[in-house]
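One structure is given below, encoded as structure tokens.
The values are calculated or read from the model by the stated rules, or taken from the named source; none is laboratory data. Nothing here was measured: the structure is a model prediction, and the numbers come from that model. Neighbour counts run over all protein chains shown; Cβ positions are idealised from the backbone, glycine included.
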Amino acid sequence: MKRQSLSVWQNGVRVGTWSVSSSQHTFSYDEAWAASAQRRPLSLSMPLTVTNEVYQGEKVRSFFENLLPDSEAIRQRIRARYNLRSDSPFELLAQIGRDCVGAIQLLGLEEVPEPSNIEGKMLTESEVAAALRAVINPASSTILSEEDFRLSLAGSQEKTAFLFHDNRWYIPSGTTPSTHIIKLPLGTIGPFGINLDFSIENEWLCSLIAKELGLQVANTTLHRFEDQRVLIVQRFDRRYSADRTHIIRLPQEDFCQATGVAFDRKYESDGGPTMATIMNLLLGSSKGVEDREHFYRSQIFFWLLAAPDGHAKNFSIFLESGSRYRLTPLYDIISAYPFLGKRSNNIALEKLKMAMSFTTERKHYSWNCIAVRHIEETARVLGLGSSIEAIIADMVTQLPNALERIHAVIPQDFPIDVSEPILEGVYRQYRLLAKG
């Protein structure tokens, strides 16, 4: 295979070069970047060094591949859309890497990002709906051209991204960033044939509960564009400049990237990062005490919520200048309560496993078997000490009022098959937590 390369840019500044040959993947930082005031690592797995080390091998491949959707079906749709020879990470990202998660833009070696003015193709609500239909069936689109829409969103869900500016929706042009992710219902998934037609309502409610409990979480809104029910997620890796003339990309990475782990090892049981891995890494956070507590609160929250997808790709860090970093808000939270039980196409209680185990003398993955003592003992093993008692007491104090406030704001047309099992399930777990 002939050596191929892409330039890696962040906010108009060249960071380094990613190269791929038949033998390996390599990444090297530009010397000017390594010496600049803005310098920061592309990833904690590839730190800046005095000798400006060239990184190679699986950690490089894993970092860039983690920018892509996890779903093989979605990758194949990208391949078909651009008529690519293969679905290799390099070929896919060469086409869709202009607007990745965080601040990364991947461009050809001779390309330079366009000026940072906010530019895009304005859309009507009807045109947004047509663009959303094209996410599933790209061939049907008369709205999106290849040049208009080259972005990469990691994850397993059907989703796309738009620019929302001056109260209008746009397809961002050139290198203008998107500001909002729009998610579509998941539909039927997995070996159990689970019906997740209401996945977006599920995620909206889970995010609301998290916010009411004081957890930092991405802002979400339920919306409908004609026949398209969607969840609009405000990107926390974007912000306006002080004069609102351009949009700044905020560097970030997920914990698979930060630890050099491939996307298909995002679950602990597949060899991915553990609670201990992340808690140890957060010792170096610029907000270490706060971030470690927030991360562990989120694990208790996932237990309350029967949320099994809190894997390493669903936690991220902001990468700041001077090699500092801190935890981002939570995102992509879905509860299993609406599809737990003995009915067909449901998950039996004993089958539900958490993405990360509570670990005492042994690992506890089975949600139905995790007791409050496992939560307390794991916290002490992870170095939280007696603060776990205060964390649990605080969550127990907050929950009843939080659930009352949530009941008051749920829309009248919200699917009861989602709200009832989630709110009742959280309350049952709350009672267990309160008993200790």
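Could you identify the single residue in ILE171, ILE200, ILE182 that is outside the structural domain of ASN345 (by TED's automatic domain parsing), within 30 Å of LEU423 (Cα to Cα), in a strand (DSSP E or B) and touching a residue at least 24 places away in the same chain (Cβ under 8 Å)? Talk me through it step by step, then tell me what you get.
Values: ILE171 fails: within 30 Å of LEU423 (Cα to Cα); ILE200 fails: in a strand (DSSP E or B).
Result of the check over ILE171, ILE200, ILE182: ILE182.
Please determine whether any residue of the stretch 312-331 is β-branched (Val, Ile, Thr), modelled with pLDDT of 95 or more and assigned by TED's automatic domain parsing to the domain that holds TYR430. Explain how you work it out, then say what you get.
Filtering the stretch 312-331 for residues β-branched (Val, Ile, Thr) gives 317, 328.
Narrowing the set further to residues that are modelled with pLDDT of 95 or more leaves 317, 328.
Filter once more, keeping what is assigned by TED's automatic domain parsing to the domain that holds TYR430: 317, 328.
Among the residues of the stretch 312-331, at least one is β-branched (Val, Ile, Thr), modelled with pLDDT of 95 or more and assigned by TED's automatic domain parsing to the domain that holds TYR430, which makes the answer yes.
I'm trying to understand the selection: among the residues of the stretch 314-343, which are touching a residue at least 40 places away in the same chain (Cβ under 8 Å) and within 23 Å of ASN195 (Cα to Cα)?
Of everything in the stretch 314-343, those that are touching a residue at least 40 places away in the same chain (Cβ under 8 Å) and within 23 Å of ASN195 (Cα to Cα) turn out to be ASN314, TYR331, ASP332, ILE333, ILE334, SER335, TYR337, PRO338, PHE339, LEU340.
Residues PHE295, PHE263, PHE301: which one is over 24 Å from LEU433 (Cα atoms) and touching a residue at least 24 places away in the same chain (Cβ under 8 Å)?
Just a single option satisfies the conditions, and that option is PHE263.
Quick check: anything in the stretch 387-399 out of contact with any Pro (no Cβ under 9 Å at 6 or more places or on another chain) and at pLDDT below 95? Before the answer, list the steps.
Of the residues in the stretch 387-399, the ones out of contact with any Pro (no Cβ under 9 Å at 6 or more places or on another chain) are 387-399.
Of the ones still in play, those that are also at pLDDT below 95 are 387.
There is at least one residue in the stretch 387-399 that is out of contact with any Pro (no Cβ under 9 Å at 6 or more places or on another chain) and at pLDDT below 95.
Identify the residue in the stretch 293-313 that is more than 17 Å from LEU213 (Cβ to Cβ) and assigned to a helix (DSSP H, G or I) and, among all such residues, is farthest from the chain's Cα centre (by Cα).
The selected residue is ALA312.
Do you know which of the residues in the stretch 219-254 that are touching a Ser or Thr at 6+ places or on another chain (Cβ under 7 Å) and assigned to a loop (DSSP other than H, G, I, E, B) is farthest from ILE410 (Cα to Cα)?
Looking at the filtered set, the residue picked out is HIS246.
Consider the stretch 73-112. How many of its residues are surrounded by 18 or more Cβ atoms within 10 Å (Cβ to Cβ), in a loop (DSSP other than H, G, I, E, B) and in contact with a Ser or Thr (Cβ under 9 Å, 6 or more places away or on another chain)?
Result for the stretch 73-112: 6.
When the stretch 364-383 is examined, which residues are found to be crowded, with 16+ Cβ neighbours inside 10 Å and either outside any loop (DSSP other than H, G, I, E, B) or under 25 Å from the mean Cα position of the chain (by Cα) (or both)? Even if it seems obvious, please write down each step before you answer.
Let us first name the residues in the stretch 364-383 that are crowded, with 16+ Cβ neighbours inside 10 Å, namely 364-365, 367, 370, 372, 374-379, 382.
Residues satisfying the conditions are HIS364, TYR365, TRP367, VAL372, HIS374, ILE375, GLU376, GLU377, THR378, ALA379, LEU382.
Any residue at all in the stretch 355-378 that is under 19 Å from LYS211 (Cα atoms), in contact (Cβ under 8 Å) with a residue 24 or more places away in the chain and assigned by TED's automatic domain parsing to the domain that holds PRO308?
no
Is it the case, given these coordinates, that ILE189 is at pLDDT below 95 and among the hydrophobic types (A, V, I, L, M, F, W, C)?
Numbers: at pLDDT below 95: yes; among the hydrophobic types (A, V, I, L, M, F, W, C): yes.
Against the criterion (at pLDDT below 95 and among the hydrophobic types (A, V, I, L, M, F, W, C)), ILE189 qualifies.
Taking the stretch 388-436 only, how many residues are out of contact with any strand residue (DSSP E or B) (no Cβ under 9 Å at 6 or more places or on another chain), in contact (Cβ under 8 Å) with a residue 60 or more places away in the chain and not in a helix (DSSP H, G or I)?
Going through the stretch 388-436 one residue at a time, the tally reaches 3.
Pick from the stretch 13-50 the residues that are of a type in the set (Lys, Arg) and assigned to a loop (DSSP other than H, G, I, E, B): which of them is modelled with the highest pLDDT? Walk me through how you get there before you give the answer.
Just the residues of the stretch 13-50 that are of a type in the set (Lys, Arg), to begin with: 14, 39-40.
Imposing the further condition that a residue be assigned to a loop (DSSP other than H, G, I, E, B) reduces the set to 39-40.
Values: ARG39: 92, ARG40: 96.
Per the criteria, the residue is ARG40.
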